Every structure is written in C-alpha cells, then in structure tokens.
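Worksheet for the structure shown next.
Only the coordinates and a few stated rules stand behind these numbers; no lab work does. The shown structure was predicted, so the numbers you read here are calculated from the model rather than taken from an experiment. Glycine gets a Cβ as well: all are built from the backbone with ideal geometry, and neighbour counts include every protein chain shown.
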Amino acid sequence: MKGSAISRRLMLALFAVTLVPILGWSLVVDLAEHLTAGPPAPNLAELSGALHETRHRLVLFLGASLATFAAALIYLRRVLVMPLESLAEKARRASLEWDTPPECARDDEIGDLGRALDKSVRDLADRAERARRFSADLSHELRTPLAAIRGAAELLSEGALPEHEAQRLNENVLRESERLGRLVEGILDLERTTHALRHEDASADLTQSLHRVTDALTVLAARRGQRFQLQLDCDTAWALVDADRHDRVLYALLENALKFSPSGEIVEVSLLTGADRFRITVSDRGPGVAESARQVIFERHVQGESRGPGRGAGLGLAIARTLVESWGGSLVVEPRDGGGTRFGYDVSALGSA
C-alpha cells in the first residue's frame with residue numbers, strides 16, 4: 001500500500017501550477033537587472049526591443065500558467081474529486097444495492113477509503129442478515145415447545161384423563177415452560193456459533209436426554225398417529241455435551257422425523273456405545289432424502305416435501321447441525337434400510353477428552 005500516493009500527486013500538481021508563473025516573473029527581474037547594469041545606458045530602441053520581447057514572453061508564460069492551472073484542476077478532479085463523489089453516491093445507495101467499488105483496486109488513499117467502505121457495508125449487511133436469521137431461529141425454536149404445551153393443555157381441558165396421565169401432562173407443561181425460559185435466555189448461542197467454544201466442563205446423561213425429549217413430544221406424536229421407539233444399549237451415557245444444546249438437537253431431529261413420517265409410523269431413536277463416544281441416530285419412514293440433497297438439506301430455509309400438516313421455516317436441521325458442530329461433532333444423513341431417512345451424530349464420552 002502506498003499511503004502517500006495522493007499526497008505526492010497533489011504536491012506535483014501544485015508545483016507545476018506555481019513553477020510557470022515564477023519563471024515568468026524571473027524574466028521581469030532579468031530585465032530590471034539588464035537596465036540597471038550600468039553604462040553604457042541602453043538607447044531607446046534597445047530598451048523598446050527588450051520590453052517588447054519581455055512582454056511577449058510574459059504573455060506566453062501567462063498562457064502557459066493558465067493552461068497548467070487548468071490541467072492541474074482537471075487532473076485533481078479526475079484523481080480526487082470524481083472518485084470521492086462516486087464513493088459518496090455508492091454510500092448513499094448502499095441500502096438499496098451494493099457492489100464493490102472499482103476504486104478499491106487503486107493503490108492509494110482513495111483505494112484505502114474504498115476498501116474500508118466496502119468492508120463496512122458488507123459487515124453491516126452481514127449483521128442485518130444475522131439479525132434476520134436470529135428472529136427466524138427464535139420463532140422456530142419456540143414452535144415445538146409451544147405446540148407440546150398446547151397439545152397437553154387441550155387434553156387436560158377435556159378433563160377425561162386418569163389422574164396419573166393428567167399428572168404426567170402437567171409435568172410436561174411445566175418442563176416445556178422451563179425449556180421456553182432457557183431458550184429465551186440461551187438463543188444467542190446460535191449467533192455465537194462462529195466463535196463458540198466447546199464447554200469442556202459440561203456433561204449430560206444422554207439416556208435421560210432421550211427420555212426427556214421423546215416424552216415431551218409424545219403428545220404431539222400421538223396427535224399425528226405416530227409414536228417413538230427407543231433403542232438404548234446402556235442405562236446411563238454420560239457425555240461431554242451441554243444438556244440444553246443436546247436437547248435442542250433432539251427436538252429438531254425428532255420434530256423433523258414426525259413431520260415427514262406418514263401417520264401410524266414409528267420413529268426410531270437409538271443410542272449405541274463405542275470405545276470413547278456414543279452414537280445417536282433418529283430414523284423415520286418418510287420419503288427419504290436424495291443423495292444430491294444430503295448437504296443442501298442442512299442449509300437454512302431449505303425444506304423437503306413435507307407430508308405432515310403444515311410447513312416449517314426450513315431451520316430445524318440447520319440449527320441441529322450448528323449445535324452439533326459447536327461441540328466438535330458432525331451431523332450426517334443417510335438412507336434407512338427399508339426406506340426413509342436416518343440422521344446420526346457422535347458425542348464424546350465423559351472422560352475421553
């Protein structure tokens with residue numbers, strides 16, 4: 001970067017503007033010295049000729065001065081004023097459209113300004129997009145617990161449930177209400193995933209998490225004629241993962257499975273134990289995911305062909321993948337034997353790190 005390029009050009013232009021008049025006035029000084037140089041004194045004819053020649057040169061130098069001044073103004077307007085006017089106009093229209101200014105290619109102060117403006121506008125656009133995503137993520141995260149609370153409340157309002165079943169639904173409502181509170185407090189985690197640090201001191205029992213989430217969604221599944229089937233190869237599975245984050249991943253995957261599974265089908269949830277990690281999978285009997293869409297499906301606002309009632313915002317799987325990656329894992333999708341889709345991810349066992 002040549003930080004003084006504009007300064008040098010400005011100095012050269014000012015030097016050219018001042019040099020020509022100085023040279024012209026030096027002729028007057030030379031004439032005065034010639035006239036006062038002493039005897040013999042010039043005669044009238046010689047004096048007239050010298051004045052005529054000096055006047056002629058002064059006219060030429062005056063014209064050259066004006067031409068140099070005009071050229072300097074044009075040059076400075078082209079290299080300074082016009083680029084600044086262009087950047088100002090782009091800045092005024094930045095809220096409507098923005099393209100990288102051509103001035104960014106310059107290796108001078110104007111280029112520095114253009115690059116700084118380009119970076120600032122793109123940073124602001126990125127923040128605006130993150131704010132939009134934040135509001136969309138928040139609405140998506142709140143949808144499932146609200147649906148569970150509403151389903152439980154509708155059943156309770158009928159007043160025809162056995163006491164133990166009513167007690168279980170009351171506990172579900174309380175648990176989902178508490179989860180809503182945690183979501184409101186912790187939703188900013190999604191905005192910090194780029195800089196998120198793994199919680200090395202966080203741990204959770206994955207079996208409790210699986211029971212807790214499937215139990216909370218049982219009413220929602222029953223309303224669609226579906227049910228969950230848990231396949232756990234251990235009674236406890238302590239892992240290096242934040243409990244709330246893991247619950248949110250399960251909510252996203254199970255809600256997705258319920259949405260795409262036909263009525264009357266079973267959603268299988270399994271936990272397998274490895275040497276130093278646990279493998280969790282969620283399998284459904286839905287239409288499946290084409291091989292070409294197995295990466296795109298994790299992008300925000302990408303949806304499959306839902307067979308269930310209503311359509312989501314296309315954020316569930318994106319949120320799940322983001323949360324899994326926040327603890328150093330990866331969420332993958334593969335075809336299920338016999339049709340359907342299986343989502344799976346690994347979680348490090350407590351004591352393996």
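Here the 3J(HN,Hα) profile of segment 101-117, calculated from phi with Karplus coefficients 6.51, -1.76 and 1.60 at θ = phi - 60°, is x, x, 5, 5, 7, 6, 9, 8, 5, 5, x, 4, 5, x, 5, 5, 5 Hz, Gly and Pro shown as x.
Determine, from the Cβ-Cβ distance of SER263 and GLU163 and an R0 of 25 Å, the FRET efficiency 1/(1 + (r/R0)^6), rounded to the nearest 0.05. Calculated value: 0.30.
In order along segment 119-134, the Karplus-derived 3J(HN,Hα) couplings, from 6.51 cos²θ - 1.76 cosθ + 1.60 at θ = phi - 60°, round to 5, 5, 5, 5, 5, 5, 5, 5, 5, 5, 5, 5, 5, 5, 5, 4 Hz, and Gly and Pro are given as x.
Residues whose amide H falls under 5 Å from that of ARG277, counting only those 5 or more places apart or on a different chain, are ALA349, with hydrogens built in the peptide plane.
With R₀ fixed at 51 Å, the C-beta to C-beta distance from HIS211 to SER95 puts the FRET efficiency at about 0.55.
Scoring 246-257, 223-234 by mean Cβ neighbours within 10 Å over their residues and listing the highest first yields 246-257, 223-234. Around the amide H of ARG336, modelled in the peptide plane, lie the amide H atoms of THR341, ARG342, all under 5 Å away and 5 or more residues distant in sequence or on another chain. Here ARG224 and GLN295 are evaluated by their C-beta separation; at R0 = 41 Å the FRET efficiency comes out at 0.90.
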